[in-house]
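Encoded as structure tokens, the structure appears first; notes follow it.
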Amino acid sequence: MTDSPNIADPTSPDPQGYDVAAVESWISEHVQNLSVPLRWTRLEGGHSNLTYRLDDAQDRSAVIRRPPMGELLPKAHDMEREWSIISALGPTAVPVAAALGFCPDPAVTGAHFYVMGLVEGRALYNADETREWVPEANRTTLAWSFIDVLADLHSLDPDVIGLGGLGKKVDYVGRQLRTWYRSWTSSAEAADYDDPRLHDMQRYLSDNIPEQGPARVVHGDYGLHNCLIGADSKISTVLDWEISTLGDPLADLAYALNQWALPEDETPGRENAATALSGFPSREAVAARYAERTGRDLSRLDFYIGFNWLKTAMIIHGVYARYLEGKKSTVGIDLDDLRHRIDVALKLAEQAISRLR
């Protein structure tokens, strides 16, 4: 991970969630080329996981990562899962941080944690950050690097690289549709929001799932916010593998394309997206590059585009319901905007699915 651009606070004498003495003792025994004591610096991002940069007296650096404090859902913030993935991908063409050490004993600091190598670069969350970090002349370079990395990931046989047990290899889209549809139906009363379009599209997609080819590792949240971009405007590493599993690679591709906003897009909330600037190629060009790299047939891509927008609507709907139930603080939250985002996602899903019918 990078230093200054993503630092959340200055060096911390008491890193949250870590027993420094115990963790540094473990590091001294299990991580090579890192000498204690260490300087700890909090890093931003990482889906609320507690992530710190570690620096020793010899100017050697690493990153440590553990789940957030408090009670967690059973499969949330799975550090061992992330560790196994970056360990397996390390020898491949997919850029990941070096896997330096995993602690399976929660007694050391209250949770599993792992240490990985530091990679220089910046994650891009919005157009302002892109404008600052990626010159317009380099934005096509970034786009091709971004999609080539995804193509390289989807070209790997999970059994060959030791990730054959990462998840089920069949019915990825069907399982996702069923899971998030249950979320919608169980949240509809609390959200005071239902929509017949949702049920119609759920039925259509469930009845028309394309035949899935061999399962591949799917990142699940692939975007410029989960990559570090180097000074050369290429992807230097891919981060945040905690929801990765085995599934249909075209679903992973469509998710990335749905986030690929363009300056001419009129979708509310996307006007300041990381790619909403001149110099980036179109979604069609990015998809064509992926097809060329992988040889995959994208004739049913609109199915996956619609699936991902529908899934987005269902996910936001569940979050909206939890706010209305008082299960999440609404401080600083625009509930009307959140509700509007559900409608926008449904409209975009409807547009994609209409092109299939």
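The values are calculated or read from the model by the stated rules, or taken from the named source; none is laboratory data. Please read these numbers as outputs of a predicted model, since none were measured by experiment. No Cβ is skipped: glycine too gets one built from the backbone with ideal geometry, and neighbour counts run over all protein chains shown.
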Residue among F307, F280 that alone is in a helix (DSSP H, G or I) and touching a residue at least 60 places away in the same chain (Cβ under 8 Å): F307
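Does region 107-124 include one or more residues that are in contact (Cβ under 8 Å) with a residue 24 or more places away in the chain, out of contact with any strand residue (DSSP E or B) (no Cβ under 9 Å at 6 or more places or on another chain) and over 17 Å from E242 (Cβ atoms)? Reasoning before the result, please.
Of region 107-124, the ones in contact (Cβ under 8 Å) with a residue 24 or more places away in the chain are 108-124.
Keeping just the survivors that are out of contact with any strand residue (DSSP E or B) (no Cβ under 9 Å at 6 or more places or on another chain) gives 108.
Among the residues that remain, those that are also over 17 Å from E242 (Cβ atoms) are: 108.
Checking region 107-124: at least one residue is in contact (Cβ under 8 Å) with a residue 24 or more places away in the chain, out of contact with any strand residue (DSSP E or B) (no Cβ under 9 Å at 6 or more places or on another chain) and over 17 Å from E242 (Cβ atoms).
Only one residue in S206, S187 is part of a helix (DSSP H, G or I), farther than 25 Å from H340 by Cβ, out of contact with any strand residue (DSSP E or B) (no Cβ under 9 Å at 6 or more places or on another chain) and assigned by TED's automatic domain parsing to the domain that holds A313. Which one?
Working: S187 fails: farther than 25 Å from H340 by Cβ.
Testing whether each residue is part of a helix (DSSP H, G or I), farther than 25 Å from H340 by Cβ, out of contact with any strand residue (DSSP E or B) (no Cβ under 9 Å at 6 or more places or on another chain) and assigned by TED's automatic domain parsing to the domain that holds A313 leaves just S206.
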Residue match in region 259-273 (condition: over 25 Å from Y181 (Cα atoms), aliphatic (A, V, I, L, M) and surrounded by fewer than 16 Cβ atoms within 10 Å (Cβ to Cβ)): no
Test for A143: is it assigned to a helix (DSSP H, G or I) and under 26 Å from D240 (Cα atoms): yes
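Please determine whether any residue of region 137-146 is out of contact with any Leu (no Cβ under 6 Å at 6 or more places or on another chain), hydroxyl-bearing (S, T, Y) and surrounded by 18 or more Cβ atoms within 10 Å (Cβ to Cβ). I'd like the intermediate steps shown before the answer.
Just the residues of region 137-146 that are out of contact with any Leu (no Cβ under 6 Å at 6 or more places or on another chain), to begin with: 137-146.
Of the ones still in play, those that are also hydroxyl-bearing (S, T, Y) are 140-141, 145.
Now narrow it down to the ones that are surrounded by 18 or more Cβ atoms within 10 Å (Cβ to Cβ): 145.
Yes, that holds for at least one residue.
With respect to W260, is the statement that it is touching a His at 6+ places or on another chain (Cβ under 9 Å), in a loop (DSSP other than H, G, I, E, B) and not acidic (D, E) true?
Numbers: touching a His at 6+ places or on another chain (Cβ under 9 Å): no; in a loop (DSSP other than H, G, I, E, B): yes; not acidic (D, E): yes.
Against the criterion (touching a His at 6+ places or on another chain (Cβ under 9 Å), in a loop (DSSP other than H, G, I, E, B) and not acidic (D, E)), W260 does not qualify.
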Restricting region 4-42 to residues that are surrounded by 15 or more Cβ atoms within 10 Å (Cβ to Cβ) and part of a loop (DSSP other than H, G, I, E, B), the residue that is modelled with the lowest pLDDT: S12
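Can you confirm whether E264 is over 22 Å from the mean Cα position of the chain (by Cα) and either farther than 18 Å from S155 by Cβ or small (G, A, S) (or both)?
Working: over 22 Å from the mean Cα position of the chain (by Cα): yes; either farther than 18 Å from S155 by Cβ or small (G, A, S) (or both): yes.
Considered against the rule, which asks whether it is over 22 Å from the mean Cα position of the chain (by Cα) and either farther than 18 Å from S155 by Cβ or small (G, A, S) (or both), E264 comes out as yes.
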Count - residues of region 213-238 that are charged (D, E, K, R) and under 26 Å from R300 (Cβ atoms): 2
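Do the conditions hold for G162, that is, is it at positive phi and either in a helix (DSSP H, G or I) or surrounded by fewer than 20 Cβ atoms within 10 Å (Cβ to Cβ) (or both)? Spell out the reasoning first.
Numbers: at positive phi: yes; either in a helix (DSSP H, G or I) or surrounded by fewer than 20 Cβ atoms within 10 Å (Cβ to Cβ) (or both): yes.
Answer is yes for this residue.
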Any hit, region 165-173, residues being in a helix (DSSP H, G or I) and either surrounded by 17 or more Cβ atoms within 10 Å (Cβ to Cβ) or polar (S, T, N, Q) (or both): yes
Residues of region 146-159 classified as in a loop (DSSP other than H, G, I, E, B) and closer than 15 Å to V96 by Cα, total: 1
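Would region 205-221 turn up any residue that is among the aliphatic types (A, V, I, L, M), within 12 Å of the chain's Cα centre (by Cα) and more than 17 Å from L166 (Cβ to Cβ)?
Initially, region 205-221 is screened for residues among the aliphatic types (A, V, I, L, M), giving 205, 209, 215, 217-218.
Those left that are additionally within 12 Å of the chain's Cα centre (by Cα): 218.
Applying the additional criterion that residues be more than 17 Å from L166 (Cβ to Cβ) yields none.
No, the conditions are met nowhere in region 205-221.
Results for (1) β-branched (V, I, T); (2) not assigned by TED's automatic domain parsing to the domain that holds V20, shown as yes or no for each residue.
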{"site": "G110", "(1), (2)": "no, no"}
{"site": "A137", "(1), (2)": "no, yes"}
{"site": "T140", "(1), (2)": "yes, yes"}
{"site": "D148", "(1), (2)": "no, yes"}
